[in-house]
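Participant: Before anything else, here's the structure in question.
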Amino acid sequence: MASSHGPIRESSIRDFEFLRSESTTIDAALDELDDEEDDFYHEVHEDDSVDSDIDVFGRSSDVSAGSSGDWSMPPPPPSLASSSVSEASSMTQTNPKKTIANSISGLSIRSKAKKALGLGGKEDDGLILHAQIVSDDYKDAKNCHSNGLLKNRRPMPIARASDFFNSLEYTGGKWIHRGPLNGWPGLRDMEVVSVTGKVKVMVSRTFKVKRYWSEDTHKGTRPGLPSGIKSVRVTLQLPKYTARGWTPESPGYVWWFDSLNEKVGHGTDIAKWFEENEKTEGPCVAKKIHHFAHRYARKKESTKDKLTYHGAIMIEWNHGKYCSVLELAYHNGVGGWGGRCNWHEDSLNTDPGPKLLQCLPVYMIAPYKTYRAELRCHDIPAKNLKEFLQYVERHEDGKGGEGDKRFLDFHLIESEDATFVYKRKADIATIICNYIRSNNEYHEESRNCQTFAADTFRMLTGKHTKPYHTVCQLLYAFHPEWFLYEPND
């Protein structure tokens with residue numbers, strides 16, 4: 001993680017321009033960047049799927065990565081976790097492609113490079129993802145069961161060529177895969193953008209990306225697996241509304257889990273839901289706001305783990321029936337990690353799974369994105385701060401509690417009365433929905449759980465505060481406008 005925007009941004013541009021000089025088109029250069037991302041994405045998550053050995057945080061037991069930290073967030077790739085601050089700040093040009101893979105902001109390099117060069121955001125037309133399409137005789141222990149069937153819900157979706165390409169529909173001048181894909185119910189109605197693969201360059205003994213099919217140059221021609229090729233990567237784009245939310249009628253990547261009544265709402269519909277509740281249950285008004293941070297309990301901590309803190313907000317309400325935890329995290333990080341969440345006792349339940357996972361709409365169960373953010377809000381049984389701290393202590397490593405270990409080095413940073421004029425639950429749902437609609441990017445160094453926690457605490461209490469960790473404080477800027485104004489989606 002760098003201590004300023006400068007080194008990361010300048011290196012991103014240099015690396016992109018290097019790749020662009022080696023490619024014939026901008027799209028080919030972007031494919032190179034994507035390829036680097038996918039390489040270490042697979043290295044981290046090759047064994048991390050919902051049907052593999054996953055711990056309470058939704059991570060494979062053999063992955064010792066820096067956790068959700070911004071130092072926050074559930075876990076960045078090991079290549080990021082093992083990078084030190086000095087390594088991130090001293091990026092060199094000796095091997096630009098390797099620099100990308102090792103960059104502390106690696107998974108956001110592609111979007112940064114595009115913005116820096118004025119290329120615009122292709123995801124404004126819908127979220128983009130990649131899938132691996134393999135030959136029908138493909139067999140690999142990482143992605144296949146012993147009977148040869150492909151494992152479901154891989155971090156990068158995988159499918160056999162006949163199943164994928166034969167199911168495409170040509171409509172409106174586009175090839176569409178209706179889904180679901182690789183067992184992910186949230187992957188539906190996806191446009192095929194391109195089909196690419198790695199080709200070995202004999203002279204230099206390196207690999208380059210070859211574009212076999214593109215929607216721009218092969219209109220009307222059905223994409224397929226090229227002859228003699230065992231595996232390709234397809235770029236897919238979800239419907240345009242996914243740039244703003246899970247559904248077109250309720251924009252905003254924020255969800256709220258009422259664990260007491262086992263119900264999940266998302267987007268702008270959350271405020272409407274709470275307005276209706278007030279008609280029968282009376283007003284729900286924020287009374288006290290608590291700002292806290294913690295590390296994640298691990299079997300073995302790396303150097304970066306010891307610097308990695310997750311920041312969040314806890315709200316006490318006037319009725320005293322329950323409290324709520326508000327946090328920013330990876331996009332689809334819960335649906336894409338088997339419903340695991342630290343704030344609910346049943347997080348380890350595997351049959352039939354945590355209640356949160358059972359309550360999530362199917363379109364929220366999809367692979368996570370580490371360069372996009374979502375807001376997660378949890379109504380929890382704790383009725384006050386004392387009960388909340390008891391829950392934390394029960395699951396805090398080193399405290400001797402009977403619960404599974406989830407937290408380490410917990411800090412209650414500050415507590416203040418809620419003094420914001422609009423502090424009903426419906427009002428808070430509205431302003432945080434505005435917040436994520438204004439900017440749903442995630443950056444480990446500057447846009448993360450700690451910055452959200454600081455922003456929200458200051459907004460609701462009026463007290464000047466900063467993110468917990470010093471590194472995040474260096475880049476922090478308060479953004480009240482993200483709360484107060486409804487974006488023009």
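Participant: Of all residues in region 340-369, how many are part of a loop (DSSP other than H, G, I, E, B) and either in contact with a strand residue (DSSP E or B) (Cβ under 6 Å, 6 or more places away or on another chain) or touching a residue at least 24 places away in the same chain (Cβ under 8 Å) (or both)?
Facilitator: 11
Participant: So, one more: With HIS411, HIS378, HIS395 as the choices, which residue is on the phi < 0 side of the Ramachandran plot, buried (at least 18 other Cβ atoms within 10 Å of the Cβ), modelled with pLDDT of 95 or more and in contact with a strand residue (DSSP E or B) (Cβ under 9 Å, 6 or more places away or on another chain)?
Facilitator: Step by step, each of HIS411, HIS378, HIS395 is checked, and only HIS378 is on the phi < 0 side of the Ramachandran plot, buried (at least 18 other Cβ atoms within 10 Å of the Cβ), modelled with pLDDT of 95 or more and in contact with a strand residue (DSSP E or B) (Cβ under 9 Å, 6 or more places away or on another chain).
Participant: Would you say VAL193 is at pLDDT below 95 and of a type in the set (A, V, I, L, M, F, W, C)?
Facilitator: Criteria not met by VAL193.
Participant: Another one. Considering region 477-489 alone, what residues qualify as being aliphatic (A, V, I, L, M) and touching a residue at least 40 places away in the same chain (Cβ under 8 Å)?
Facilitator: Hit for region 477-489 is LEU484, nothing else.
Participant: Could you tell me whether any residue of region 361-378 is over 25 Å from THR242 (Cβ atoms), not β-branched (Val, Ile, Thr) and not assigned by TED's automatic domain parsing to the domain that holds GLY186?
Facilitator: no
Participant: Given the conditions (1) closer than 13 Å to HIS130 by Cβ; (2) touching a residue at least 40 places away in the same chain (Cβ under 8 Å), and given that SER214 satisfies all but one, which numbered condition is not satisfied?
Facilitator: For SER214, the exception is condition (1).
Participant: Additional query: When you scan region 478-488, do you find a residue that is touching an Asp or Glu at 6+ places or on another chain (Cβ under 8 Å) and in a loop (DSSP other than H, G, I, E, B), even just one?
Facilitator: Within region 478-488, one or more residues are touching an Asp or Glu at 6+ places or on another chain (Cβ under 8 Å) and in a loop (DSSP other than H, G, I, E, B).
Participant: Another question, if that's okay. Against the condition free of Cβ contacts under 8 Å to residues at least 40 places away in the same chain and of a type outside the set (D, E, K, R), how does GLY173 come out, does it pass?
Facilitator: Judged against the criteria, GLY173 is not a match.
Participant: Could you name every one of the helices (runs of 4 or more DSSP H) located completely within region 372-476 that has at least 1 residues being closer than 28 Å to LYS304 by Cβ, touching a residue at least 24 places away in the same chain (Cβ under 8 Å) and touching an Asp or Glu at 6+ places or on another chain (Cβ under 8 Å)?
Facilitator: Result: 425-438, 449-461, 470-475.
Participant: Quickly run through region 212-223 and pick out the residues that are surrounded by fewer than 18 Cβ atoms within 10 Å (Cβ to Cβ) and charged (D, E, K, R).
Facilitator: ASP216, LYS219, ARG222
Participant: Which one of the conditions (1) buried (at least 20 other Cβ atoms within 10 Å of the Cβ); (2) assigned to a helix (DSSP H, G or I) does HIS294 fail to meet, given that it meets all the rest?
Facilitator: Every condition holds for HIS294 apart from (2).
Participant: Condition test on GLY186, is it over 19 Å from the mean Cα position of the chain (by Cα) and either assigned by TED's automatic domain parsing to the domain that holds ILE365 or of a type in the set (Gly, Ala, Ser) (or both)?
Facilitator: Criteria not met by GLY186.
Participant: Something else now. Could you please find all residues in region 433-442 being surrounded by 21 or more Cβ atoms within 10 Å (Cβ to Cβ) and touching a helix residue (DSSP H, G or I) at 6+ places or on another chain (Cβ under 7 Å)?
Facilitator: Hits for region 433-442 are CYS433, TYR435.
Participant: What about THR430, is it among the hydroxyl-bearing types (Ser, Thr, Tyr), under 26 Å from HIS319 (Cα atoms) and under 21 Å from the mean Cα position of the chain (by Cα)?
Facilitator: Judged against the criteria, THR430 is not a match.
Participant: Being closer than 25 Å to ASN434 by Cβ and part of a loop (DSSP other than H, G, I, E, B) narrows it down to one of GLY179, GLY186, so name that one.
Facilitator: One residue alone meets the criteria, GLY186.
Participant: Give me a count of the residues in region 304-320 that are in contact with a helix residue (DSSP H, G or I) (Cβ under 9 Å, 6 or more places away or on another chain) and either in a loop (DSSP other than H, G, I, E, B) or free of Cβ contacts under 8 Å to residues at least 60 places away in the same chain (or both).
Facilitator: 4
Participant: Another question about this same structure. Does any residue of region 138-150 turn out to be assigned to a loop (DSSP other than H, G, I, E, B), modelled with pLDDT of 95 or more and within 22 Å of THR242 (Cα to Cα)?
Facilitator: no
The rows are residues; the columns are (1) under 26 Å from the mean Cα position of the chain (by Cα); (2) touching a residue at least 12 places away in the same chain (Cβ under 8 Å); (3) part of a loop (DSSP other than H, G, I, E, B); (4) more than 20 Å from ASN439 (Cβ to Cβ).
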| residue | (1), (2), (3), (4) |
| --- | --- |
| LYS208 | no, yes, no, yes |
| HIS218 | no, no, yes, yes |
| THR221 | no, no, yes, yes |
| GLY224 | no, yes, yes, yes |
| ILE229 | no, yes, yes, yes |
| VAL234 | yes, yes, no, yes |
| THR242 | yes, yes, no, no |
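Participant: Can you name the residue in region 445-470 that is within 21 Å of the chain's Cα centre (by Cα) and among the hydrophobic types (A, V, I, L, M, F, W, C) and is also surrounded by the fewest Cβ atoms within 10 Å (Cβ to Cβ) among such residues?
Facilitator: Among those that are within 21 Å of the chain's Cα centre (by Cα) and among the hydrophobic types (A, V, I, L, M, F, W, C), it is ALA454.
Participant: Let me ask something else. Can you report the number of residues in region 321-331 which are surrounded by 23 or more Cβ atoms within 10 Å (Cβ to Cβ) and either in a loop (DSSP other than H, G, I, E, B) or not assigned by TED's automatic domain parsing to the domain that holds GLU445 (or both)?
Facilitator: The qualifying residues number 0.
Participant: Go through region 326-362 and give me each residue that's farther than 21 Å from ASN448 by Cβ and within 15 Å of the chain's Cα centre (by Cα).
Facilitator: GLY338, GLY339
Participant: Whether any residue in region 270-287 is buried (at least 16 other Cβ atoms within 10 Å of the Cβ), closer than 25 Å to ARG447 by Cα and within 21 Å of the chain's Cα centre (by Cα) is what I want to check.
Facilitator: yes
Participant: Just to verify a result, which residue in region 203-231, among those that are of a type in the set (A, V, I, L, M, F, W, C) and farther than 22 Å from GLU169 by Cα, is modelled with the lowest pLDDT?
Facilitator: VAL203
The values are calculated or read from the model by the stated rules, or taken from the named source; none is laboratory data. Because the structure is predicted, anything quoted here is derived from the model rather than measured. Cβ sites come from the backbone with ideal geometry, for glycine too, and all protein chains shown count toward neighbours.
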